[in-house]
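The values are calculated or read from the model by the stated rules, or taken from the named source; none is laboratory data. As the structure is a prediction and not an experimental result, all values here were calculated from the model. Neighbour counts run over all protein chains shown; Cβ positions are idealised from the backbone, glycine included.
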Protein chains: 2
Amino acid sequence: MPFADRIRHCNSYDPARAVPLLAGEHRVGWLRRDNAELLKRHGKVFALKRNSVRLKVSGNCEKVSRAVDGVVEALVGDGKVPKWRNETFDVAPRWGEKPLFRLDRGAVPFFGVRAYGIHLNGYRRDPGGYSLWIGQRAKNKQVSPGKLDNIVAGGIGNGHGAAATLAKEAEEEAAIGPELISRAMPAGALTYRMETKLGIRDDVMFVYDLELPADFVPVNSDGEIAGFELMPLSAILERIRTSADFKFNVNLVILDFAVRHGVLRPDDPEYLDVANGLHRPLD
Amino acid sequence: MPFADRIRHCNSYDPARAVPLLAGEHRVGWLRRDNAELLKRHGKVFALKRNSVRLKVSGNCEKVSRAVDGVVEALVGDGKVPKWRNETFDVAPRWGEKPLFRLDRGAVPFFGVRAYGIHLNGYRRDPGGYSLWIGQRAKNKQVSPGKLDNIVAGGIGNGHGAAATLAKEAEEEAAIGPELISRAMPAGALTYRMETKLGIRDDVMFVYDLELPADFVPVNSDGEIAGFELMPLSAILERIRTSADFKFNVNLVILDFAVRHGVLRPDDPEYLDVANGLHRPLD
């Protein structure tokens, strides 16, 4: 089942290899055990037990963030966190709640905190079926260089909501202006948890659909996309089935598009594993 | 979080109160422990262990079905299965695979085997927003009498696929003919597992959307629906939030419609729990 393989690839997380990161009564991250070990020398900020790591610093968001930043600084120095991204993500007990602290994006997989992003399916509906505008990621991207991507995608930085992030990224990544992006329709949330070289990605992708006019051509202005191509959805699905050309999580976004728009159909034996597998529980 | 409460209600299953029903190398059902005890006197068909029940009969589908039917007969006699429904569901290791046996619909919750159904959102898109045609279930229905329901819904009986079941039920329940129902779009699968008086419901709902013409009015011909009403989606959502007027699982189907059509939106703090909670893993 090749479609299900793409989903499995994004859910390579193995609970036996990780311990929870606790803050007060909340579980806010998952630390791979080797990463947890590295926090031993930061005993003022983190308390290690056999099966958990606890954040010891309490207080307001600024105070906790400063303490964690000190640890991140050391991890960057040791090469355990690749580099500062100078963009912070909120770390909250749940979506929509007040953040306990803010964490540099570069350290998010190290601590395995849940990260939220937006993905836009920019599509056209022609007599022959759906086509999607697909971007090719720049060769110098840190994550998945050169891979195929949605027309617009991006992480939700601290204090920004989903809709605001979508509008900002749409403008920068594809020259989709405010009027056009206001027609984008939110269509659900996909979830996966994946072990990577850096740690654990515990990701939520808010997906949006936008039907694009026939004369629209995306133009990238932030250097993150090398080029765009309009591809028939049938060809995209075939490529997802037979190659790893698409960025790992973009496979999921496009499979979800095909499920929601009736291109994959229930009487296909693969259907249920795909439709269900895109939604890992938020435990 | 009232929307999430509707989802929780459909996921009342507690693993501590159930044991797996095994057939060969497959887990094909979940028996509540009190129901499992009742199988002790059917030792030729089922082998009880402390934490599982195993189907002992093997062979072709007809042979196994006959053996299980003998047990169902006794359970109906004892009032543990309410009655024969004279409609059988396939029991297979997975969706789309060959059935190991067939089980009368009346006994499906007793054994906790996975059941598959279709639900249709019959909607209109007017300038003021979406409206859905909603049915009221007949007062003599065994399950959820008098509750509000989708315009069309039904279980997938043995050997029938999802699309064929949709077409048949659309004709019988709402006088939606073959041409109109052929425009219905499959849009995903919702899953839940719920303990009921009878046992455990382990349900998959294949959801379809159908945009209905302004002059279309549904007419029921099988006596299962007392009447239909066209309701604004905003009013339906308010009623879901504040009442138990809708059949338990229909709440989920309509919440999913609201998520997929951008009526519920990501920046709502409830959004993620709803969008994710509609998809229980297929374990």
Run down A:SER12, A:SER58, A:SER52 and say which single residue is at pLDDT below 95 and among the small types (Gly, Ala, Ser). A:SER58
When the residues of the stretch A:9-47 are narrowed to those that are in a strand (DSSP E or B) and of a type in the set (A, V, I, L, M), which ends up surrounded by the fewest Cβ atoms within 10 Å (Cβ to Cβ)? A:ALA47
Got at least one residue in the stretch A:260-278 being within 14 Å of the chain's Cα centre (by Cα) and either part of a helix (DSSP H, G or I) or at pLDDT 95 or above (or both)? yes
State the number of residues belonging to the stretch A:136-170 that are in a loop (DSSP other than H, G, I, E, B) and more than 22 Å from A:HIS261 (Cα to Cα). 16
Whether any residue in the stretch B:47-54 is among the hydroxyl-bearing types (Ser, Thr, Tyr) and in contact (Cβ under 8 Å) with a residue 60 or more places away in the chain is what I want to check. no
Of all the residues that make up the stretch A:207-225, how many are more than 13 Å from A:TRP133 (Cα to Cα) and either within 20 Å of the chain's Cα centre (by Cα) or part of a helix (DSSP H, G or I) (or both)? 5
Which of (1) in contact (Cβ under 8 Å) with a residue 12 or more places away in the chain; (2) over 23 Å from A:ARG125 (Cβ atoms) is the odd one out, the single condition A:LYS197 does not satisfy? (1)
Flag for A:ILE151 being touching a Pro at 6+ places or on another chain (Cβ under 7 Å), under 30 Å from A:ALA36 (Cβ atoms), crowded, with 22+ Cβ neighbours inside 10 Å and not small (Gly, Ala, Ser): no
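Listed here are the residues, each with its yes/no results for (1) charged (D, E, K, R); (2) in a helix (DSSP H, G or I).
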| residue | (1), (2) |
| --- | --- |
| A:VAL108 | no, yes |
| A:TYR116 | no, no |
| A:ASN121 | no, no |
| A:ARG125 | yes, no |
| A:ILE134 | no, no |
Give all pairs with beta carbons closer than 7 Å in which a residue from the stretch A:248-262 that is within 11 Å of chain B (Cβ to nearest Cβ) meets a residue that is crowded, with 24+ Cβ neighbours inside 10 Å and β-branched (Val, Ile, Thr); count only pairs at least 6 apart in sequence or on separate chains. A:ASP256/A:VAL207
Filter the stretch A:198-215 down to the residues that are over 27 Å from B:ASP267 (Cα atoms) and surrounded by fewer than 17 Cβ atoms within 10 Å (Cβ to Cβ) and list them by number. A:ALA214, A:ASP215
Only one of B:SER234, B:SER243 is in contact with a strand residue (DSSP E or B) (Cβ under 9 Å, 6 or more places away or on another chain) and either of a type in the set (Phe, Trp, Tyr) or more than 14 Å from every other protein chain (Cβ to nearest Cβ) (or both); which? B:SER234
Note on the stretch B:109-162: residues under 15 Å from the mean Cα position of the chain (by Cα) and of a type in the set (Val, Ile, Thr) are B:VAL113, B:ILE118, B:VAL143, B:ILE151, B:VAL152, B:ILE156
Hey, could you check the stretch B:218-275 for residues that are in contact with an Asp or Glu (Cβ under 9 Å, 6 or more places away or on another chain) and among the small types (Gly, Ala, Ser) and say which is surrounded by the fewest Cβ atoms within 10 Å (Cβ to Cβ)? B:SER221
If the Cβ limit is 7 Å and pairs must be 6+ apart or interchain, which residue in the stretch B:151-170 that is within 14 Å of chain A (Cβ to nearest Cβ) and in contact (Cβ under 8 Å) with a residue 24 or more places away in the chain pairs with which residue that is among the charged types (D, E, K, R) and part of a loop (DSSP other than H, G, I, E, B)? B:ALA162/A:ASP267
Top-ranked residue in the stretch A:26-45 [being free of Cβ contacts under 8 Å to residues at least 60 places away in the same chain and of a type in the set (D, E, K, R); ranked as nearest to A:TRP95 (Cα to Cα)]: A:ARG27
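Residues checked against (1) within 15 Å of the chain's Cα centre (by Cα); (2) crowded, with 17+ Cβ neighbours inside 10 Å; (3) within 22 Å of A:VAL113 (Cβ to Cβ):
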site: A:ALA164; (1), (2), (3): no, no, yes
site: A:ALA167; (1), (2), (3): no, yes, no
site: A:ALA170; (1), (2), (3): no, yes, no
site: A:ALA174; (1), (2), (3): no, yes, no
site: A:ARG183; (1), (2), (3): no, no, no
site: A:PRO186; (1), (2), (3): no, yes, no
site: A:TYR192; (1), (2), (3): yes, yes, yes
site: A:THR196; (1), (2), (3): yes, no, yes
Taking A:HIS279, is it within 14 Å of chain B (Cβ to nearest Cβ) and in contact with a Leu (Cβ under 7 Å, 6 or more places away or on another chain)? yes
Residue pairs meeting the criteria (Cβ under 7 Å; at least 6 apart or on separate chains; first within 14 Å of chain A (Cβ to nearest Cβ), in the stretch B:79-94; second charged (D, E, K, R) and in a loop (DSSP other than H, G, I, E, B)): B:ALA92/B:LYS98
Identify all residues within the stretch A:67-83 that are touching a Phe, Trp or Tyr at 6+ places or on another chain (Cβ under 9 Å) and farther than 15 Å from A:VAL108 by Cα; write none if there are none. A:ALA67
From the options B:LEU230, B:LEU190, B:LEU198, B:LEU180, residue that is over 21 Å from B:ASP5 (Cα atoms) and in a strand (DSSP E or B): B:LEU230
